1. On the basis of being more than 16 Å from the ligand (Cβ to nearest atom), closer than 17 Å to residue 21 by Cβ and in contact with a Ser or Thr (Cβ under 7 Å, 6 or more places away or on another chain), does residue 278 make the cut?
2. Hey, can you tell me all the residues within the range 32-51 that are aromatic (Phe, Trp, Tyr) and part of a helix (DSSP H, G or I)?
3. Among residues belonging to the range 281-338 that are within 14 Å of the ligand (Cβ to nearest atom) and charged (D, E, K, R), point out the one that is farthest from residue 190 (Cα to Cα).
4. Could you list, in sequence order, the residues of the range 348-364 that are outside any loop (DSSP other than H, G, I, E, B) and within 16 Å of the ligand (Cβ to nearest atom)?
5. Just give me the residues in the range 14-54 being small (Gly, Ala, Ser) and either farther than 18 Å from residue 237 by Cβ or within 14 Å of the chain's Cα centre (by Cα) (or both), in sequence order.
6. Considering each of 214, 210, 250 in turn, give the residue that is more than 13 Å from the ligand (Cβ to nearest atom), more than 30 Å from residue 63 (Cβ to Cβ) and touching a Gly at 6+ places or on another chain (Cβ under 7 Å).
7. Given the options 210, 192, 180, 214, name the one that is out of contact with any helix residue (DSSP H, G or I) (no Cβ under 8 Å at 6 or more places or on another chain), among the β-branched types (Val, Ile, Thr) and under 25 Å from residue 134 (Cβ atoms).
8. Against the conditions (1) in a loop (DSSP other than H, G, I, E, B); (2) more than 8 Å from the ligand (Cβ to nearest atom); (3) at negative phi, where does residue 119 fall short? Just the number, please.
Amino acid sequence: MDKFVITGGKKLSGTIEISGAKNASLALMPASILAHGKAKLFNTPELNDVFTMLKLMKHLGVEGSFSNHVMELDTSRINNLIAPYEHVKKMRASVYVLGPLLTKFGEAKVSLPGGCAWGPRPINLHLEGLKKMGAEIDLEEGYIIAKAKRLHGAKINFDVSSVGATGNLLMAAVLAKGTTVINNAAIEPEITNLVDYLIKMGAKIYGANTTCLTIEGVDELQPCSIETIPDRIEAGTMLIAAAITGGSITINNISSMLLEAVLSKLEDSGCTISSSSNRIELKAPDSSIKPKDVSTAAFPGFPTDMQAQWTAYMTLANGASTVTDTIYLDRFKHVPELQRLGADISVNENSAVIRGVKKLVGAKVMSTDLRASASLVLAGLAAKGKTEVLRVYHLDRGYQRIEEKLKALGADISRVEGTEY
Ligand code: EPU
């Protein structure tokens, strides 16, 4: 397993471009199943989660190639409607194949995803929605077995806003008979990217970018191409890398609209930010980092996927702050590792109180999940001395060669290929 070795204390500065959004690609790829033929997905990031989805789709019979960030998928020879445990256990987003397979082929057998590193992540909303659309669903031997001659339209009201359930049901509804209405739909930009793709394929979807989506099912869709939006979480992580090290950064290819909540908190913490429709510039606080509380929320709120990185940033603030995660109540696996670097944090239920310290000091720390690992890298960049972040395969799931981007900004970070656990 690879690790990162970081010598902290370098001020990061420079200009970078952000890769395509992981969570958009993971929806756009299975959406391609809905049409018969060749799709092209531009700006697809080279990430392990994307490779996992590609493997799963090849297992279903999709022919795929991927180079220079262009993914080509030929869905005309799908001959297997089973998503096996070996694939799904690696990545929960594999469950995204359920809606497309069921609505296109009338059946699907998809492994239940099982546990997650930071607590429960149910898929009841996906299954209840499909049942409302007429699917017969059984759970047998760890698998979801779904059948429906043809799904029909339904009125779906989500109790909580769910990215995955919105995506799955949207993909199911575009080929269902009749009209489906999804209330309290997620409006994360990755869902809007999916809606744009489906509309381009010929789907009839009204209310894009709102919490009420109306979908009139059609009989068939045409394969087409789409540009994947830039990754707002990667961008947010890089902005904090500059902020926590006292540097400055320009990101050249992302709109500030994708991360207003993060930018506003960064400004409150003392950063100077200027942005336009396709560029964000940040300069770290002149003196100390001001402590700022955050509470995560569905888009356009502060993303849960930036919670761990913000926690790392606040460890060096000039005072105490509170970080509350309202989306996932137990997503704090990074805290004991940040404590190994000298952070003063206590967690009570779904809130962490972070009392800023004068300095962090490098140590060996362990990645436990994707965003937790990102927070350890950020802390390591600011810590005195050497930090080793073990098990960076978690990072490779969602950041495209993050060490190269950080190096380009002046970080002293290297990947050591090896077997240390
Ligand atoms: N929820 C339910 N029932 C469901 C589905 C969700 O109760 O059937 C709850 C969840 O427990 C959670 C809330 O709804 O409290 C939101 O979960 P959501 O369904 O939106 O999460 P997801 O679709 O499984 C996606 C991202 C996650 C990101 C969340 C929240 C993908 C592939 N994953 O997950 O990304 O944290 O939305 O924004 O899009 C990451 O990139 O690190 C990551 C974990």
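1. Values: more than 16 Å from the ligand (Cβ to nearest atom): yes; closer than 17 Å to residue 21 by Cβ: yes; in contact with a Ser or Thr (Cβ under 7 Å, 6 or more places away or on another chain): yes.
For residue 278, the condition - more than 16 Å from the ligand (Cβ to nearest atom), closer than 17 Å to residue 21 by Cβ and in contact with a Ser or Thr (Cβ under 7 Å, 6 or more places away or on another chain) - is met.
2. Step one: filter the range 32-51 for residues aromatic (Phe, Trp, Tyr), giving 42, 51.
Of everything in the range 32-51, just one residue is aromatic (Phe, Trp, Tyr) and part of a helix (DSSP H, G or I), namely 51.
3. Looking at residues that are within 14 Å of the ligand (Cβ to nearest atom) and charged (D, E, K, R), I get 333.
4. Let us first name the residues in the range 348-364 that are outside any loop (DSSP other than H, G, I, E, B), namely 348, 351-355, 361, 364.
Matches in the range 348-364: 351 only.
5. If we filter the range 14-54 for residues that are small (Gly, Ala, Ser), which is where we start, we get 14, 19-21, 24-25, 27, 31-32, 35, 37, 39.
Within the range 14-54, 19, 20, 21, 24, 25, 27, 31, 32, 35, 37, 39 meet the criteria.
6. Values: 210 fails: touching a Gly at 6+ places or on another chain (Cβ under 7 Å); 250 fails: touching a Gly at 6+ places or on another chain (Cβ under 7 Å).
Of 214, 210, 250, the one residue that is more than 13 Å from the ligand (Cβ to nearest atom), more than 30 Å from residue 63 (Cβ to Cβ) and touching a Gly at 6+ places or on another chain (Cβ under 7 Å) is 214.
7. Values: 210 fails: under 25 Å from residue 134 (Cβ atoms); 192 fails: under 25 Å from residue 134 (Cβ atoms); 180 fails: out of contact with any helix residue (DSSP H, G or I) (no Cβ under 8 Å at 6 or more places or on another chain).
Being out of contact with any helix residue (DSSP H, G or I) (no Cβ under 8 Å at 6 or more places or on another chain), among the β-branched types (Val, Ile, Thr) and under 25 Å from residue 134 (Cβ atoms) holds for just one of 210, 192, 180, 214, which is 214.
8. (3)
The values are calculated or read from the model by the stated rules, or taken from the named source; none is laboratory data. Just so it is clear, the model here is predicted, and its values are computed rather than measured. Here Cβ is always computed from backbone atoms with ideal geometry, including for glycine, and neighbour counts include all displayed protein chains.
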